[in-house]
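The values are calculated or read from the model by the stated rules, or taken from the named source; none is laboratory data. Predicted model, so just to flag it, every value in this text is computed and none were measured. Here the Cβ positions follow ideal geometry from the backbone for every residue, glycine too, while neighbour counts run over all protein chains shown. With ligands, DNA and RNA removed, areas are computed over all heavy atoms of the protein, side chains included. Shrake-Rupley method; radii C 1.70, N 1.55, O 1.52, S 1.80 Å.
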Amino acid sequence: MSYQYGQFSTGFDLMMPEPQALRFEELLMLHGEDVTVVQQTVTSRDGYGQPVVSEASYTEKAVIKTDLGESLLPPGEVKRVTVEALFAQWAPIGETLYELEIRGHRYHVTGVEKTSAYLLVKAERMVE
């Protein structure tokens, strides 16, 4: 038995997701917040050999987990701010060349872990 999910276009058949993944997606639709996922693509190299990237962005729902101490301290106290975001299991997010924009701040994706219910994305705040 195959399951066709709305995110993919016609012709993409997937095995039916596990019940906990479908339940987590329902919770995301109710309680998740919008996160902008920025996918970068290396388009060329400049005169110094550094990559020139173009960005494409799209919005996904996620549950954001921050360290409580980081949110209570005044600005400038915390040098490295980390965040964990829980996305739907089939969210198209990778470790390399992906960034998240959460509450107006840009985060660099440092790790992606797939579980049976969700996709755990670990990210670190970029220095502005």
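Looking only at residues that are hydroxyl-bearing (Ser, Thr, Tyr) and within 18 Å of Gln40 (Cα to Cα) in the stretch 86-128, which one is modelled with the lowest pLDDT?
That would be Thr96.
Residue-wise test of (1) touching a helix residue (DSSP H, G or I) at 6+ places or on another chain (Cβ under 7 Å); (2) among the aliphatic types (A, V, I, L, M); (3) open to solvent by less than 40 Å² (accessible area, probe 1.4 Å).
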{"site": "Glu84", "(1), (2), (3)": "no, no, no"}
{"site": "Gln89", "(1), (2), (3)": "yes, no, yes"}
{"site": "Gly94", "(1), (2), (3)": "no, no, yes"}
{"site": "Glu99", "(1), (2), (3)": "no, no, yes"}
{"site": "His108", "(1), (2), (3)": "no, no, no"}
{"site": "Gly111", "(1), (2), (3)": "no, no, yes"}
{"site": "Ser116", "(1), (2), (3)": "yes, no, no"}
